[in-house]
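The values are calculated or read from the model by the stated rules, or taken from the named source; none is laboratory data. These numbers come from a predicted model, not from an experiment. Every residue, glycine among them, receives a Cβ derived from its backbone with ideal geometry; neighbour counts consider all protein chains shown.
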Amino acid sequence: MKPKWKWLPPWDMPSDPVKAVSWFLRWFLQVLIRYFYILIIAAGAYETYLNNGIVSLVVILLVGLAVWGLLVGLLVVLNFVSNVSTAFSEASRLSQNPFGSAGSFTTRERDEANVVEGSIITDLDEERRRRRQEM
């Protein structure tokens, strides 16, 4: 059985450097949101220790929750913009090739999108055909 909860979001960084930067910032934001409660608890404990007051703990918790809410809102906006951008690029791709396949990407195209530069993908069918021709 695979656990449902993972410590970190999946690491599927694209090979394009421009897309990789925006992908990494989005990934980092997800990690920050996932573990932001640790920062809130630590700041609350530190303030309570310094000021010996429950009021400072409550203030830190409220400010921390407000900042966490803003980060979640930012991630929601980024996800929405990303989905809209993907939809527009897919629509423009389909408008350029209206008689193309009805399905989206093939398995090979999906695999090649996540390939890191410098790695090699070999199509087994092409390799077999080449070897047969050599024989």
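Taking the criterion of being surrounded by 14 or more Cβ atoms within 10 Å (Cβ to Cβ) and within 26 Å of Trp11 (Cβ to Cβ), the residues of segment 55-71 that qualify are Trp68, Leu71.
For segment 6-27, a residue qualifies if it is under 10 Å from the mean Cα position of the chain (by Cα) and of a type in the set (Lys, Arg), and exactly one does: Arg26.
Exactly one residue among Asn97, Asn79, Asn52, Asn83 is out of contact with any Phe, Trp or Tyr (no Cβ under 9 Å at 6 or more places or on another chain) and at positive phi, and that residue is Asn52.
Name the residues in segment 12-47 that are aliphatic (A, V, I, L, M) and touching a helix residue (DSSP H, G or I) at 6+ places or on another chain (Cβ under 9 Å), would you? Hits for segment 12-47 are Met13, Leu25, Leu29, Leu32, Ile33, Leu39, Ile40, Ile41, Ala43, Ala45. For segment 14-54, taking the residues that are crowded, with 16+ Cβ neighbours inside 10 Å and small (Gly, Ala, Ser), the one that is nearest to Asn79 (Cα to Cα) is identified as Ala43. One residue alone among Phe88, Phe99 is modelled with pLDDT under 90, surrounded by fewer than 12 Cβ atoms within 10 Å (Cβ to Cβ) and not in a helix (DSSP H, G or I), and that residue is Phe99.
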